[in-house]
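Read-outs throughout are calculated quantities, based only on the coordinates presented, and are distinct from any laboratory measurement. All values derive from a computational prediction rather than experimental measurement. Cβ: placed from backbone, ideal geometry, glycine included. Neighbour counts: every protein chain shown.
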Amino acid sequence: MKRNIILMGPPGAGKGTLAKKLMSLGFAHISTGDMFRKAIKAGTALGQLAEQFIKRGDLVPDDVTIGIVKERLSQDDCAQGFLLDGFPRTLVQAEALEELTKEINRPIETVVNLDCNEKELVRRIAGRRICKVCGAPYHIETLKPKIDGICDLCSGLLYQRNDDNEEALKVRLDHYNHQTKPLLDFYQARGLLHHFNSLVSSEALFDEIAQFLKS
Ligand code: ADP
Ligand code: ZN
């Protein structure tokens, strides 16, 4: 079983949805986006800082982001294996991660990249809704809740992320193309990169990747 994993792919490719499903295999799910959103909700200093960047679609500064991941990776639950979702997003972050995983002796074993075309990303993000309480993802056309606006799992209210609008998405895709996409070469050069087509159902994608991680 491969244990310490990076999940990569553009915004809307389905990283979060897949990561939540993969938690059933015992991974600690480390989503920098979720961590920032939690901090924003709690009104912490970190949240106030991150919010300025996130609402525009910009990246939170590297030192801040690397700091929260460093703290999270050293926690006990990561010893069974961790799944990084949304980190690293820049070369500076990828280099810091390499140092960090060396220090704690938990090296990255594989990088799973979700391939998706831009038209589909826009469609997915425009219709995305998320449970305020448990974070479960929905889509207004393709992944509808049983009751409109209410989470199937916990009855929490569904909301639309304030960076899931056309303007912020353009900025996010731009950052992805210029800063994050080059990391594919970084991991390809290390022999860690594996591509998966995310234009399949979330169940089929989970099955394929779970199988791959177990092999
Ligand atoms: P998505 O993959 O759908 O864009 P995420 O939840 O991963 O969403 O991230 C949401 C926002 O949080 C990003 O647009 C960015 O502002 C911030 N963020 C998350 N991860 C990072 C990171 N590794 N470096 C910098 N900013 C980040
Ligand atoms: Zn819920």
For this session: In whole angstrom, note down how far apart the Cα centers of the range 127-169 and the range 1-26 are.
Result: 19
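What percent do you get for the relative contact order of the range 34-116 when only Cα pairs under 8 Å and 6+ apart count? Write out the running numbers ahead of the final one.
Values: 36 pairs, mean separation 13.7, N = 83.
Rounded, it is 16 percent for the range 34-116.
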Exercise. How many percent of the alpha carbon pairs in the chain exceed a separation of 29 Å?
Worked result: 21
Problem set entry | Karplus-derived 3J(HN,Hα), 6.51/-1.76/1.60, for each residue of the range 73-85, Hz, glycine and proline x | 5, 8, 6, 4, 5, 6, 5, 7, x, 10, 10, 8, 10
Problem set entry | Hits among aspartates and glutamates - C-alpha to C-alpha of Lys144 under 16 Å, sequence gap 8 or more where chains match | Asp152, Glu203
Problem set entry | Neighbour-count ranking [beta-carbon atoms within 10 angstrom, fewest first] of Ile150, Ile130 | Ile150, Ile130
Problem set entry | Amide N of the range 158-195 lying under 16 Å from the label point, which is placed 7 angstrom from the Cα of Phe53 along Cα→Cβ | 163, 171-181
Seminar exercise, completed: Applied in sequence order to the range 14-28, the curve 6.51 cos²θ - 1.76 cosθ + 1.60 (Karplus, θ = phi - 60°) yields integer Hz couplings, x standing for Gly and Pro, of x, 4, x, 4, 5, 4, 5, 5, 5, 4, 5, 8, x, 7, 7
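For the chain, what relative contact order do you get, as a whole percent, if you take Cα pairs closer than 8 Å and at least 6 residues apart? Let's see the in-between values first.
Details: 304 pairs, mean separation 67.4, N = 215.
This gives 31 percent for the chain.
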Problem set entry | Ala28 long-range amide H proximity, modeled H, under 5 Å | Gly81, Phe82, Leu83
For this session: Quote the FRET efficiency, to the nearest 0.05, computed for Ala189 versus Lys144 with a Förster distance R0 of 45 Å and r equal to the Cβ-Cβ distance.
Result: 0.60
Exercise. Under 5 Å between amide H atoms, partner at least 5 residues away or on a different chain: which partners does Met8 have, H built in plane at 1.01 Å?
Worked result: Val112, Asn113, Leu114
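Among DSSP beta bridges lying fully in the chain, give the percent that are antiparallel, nearest 5.
Working: 7 of 23 bridges.
Of the beta bridges lying entirely in the chain, close to 30 percent run antiparallel.
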Exercise. Whole-Å semi-axes of the range 116-215's equivalent ellipsoid, largest first, each the root of 5 times a Cα gyration tensor eigenvalue?
Worked result: 28, 20, 12
Problem set entry | aspartates and glutamates with Cα under 20 Å of Lys55, excluding same-chain neighbours fewer than 8 positions away | Asp34, Asp63, Asp85, Asp163, Asp164, Glu166, Glu167, Asp174
Problem set entry | Exposure proxy ranking, count of Cβ atoms within 10 Å, fewest first, for Met35, Met8, Met1 | Met1, Met35, Met8
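What is the fewest-to-most order of Val64, Val200 by other Cβ atoms lying within 10 Å of their Cβ? Don't skip to the answer; put the middle values down first.
Details: Val64 16, Val200 13.
So the residues, fewest neighbours to most, are Val200, Val64.
Before rounding to the nearest 500, sum -39500 (n - 2.57) across all DSSP H runs of length at least 4 in the chain and divide by the residue total; then give [θ] at 222 nm in deg cm²/dmol. The partial results should precede the final answer.
On the way: 9 runs with 93 residues, N = 215.
So the helix-based figure for the chain works out to -13000 deg cm²/dmol.
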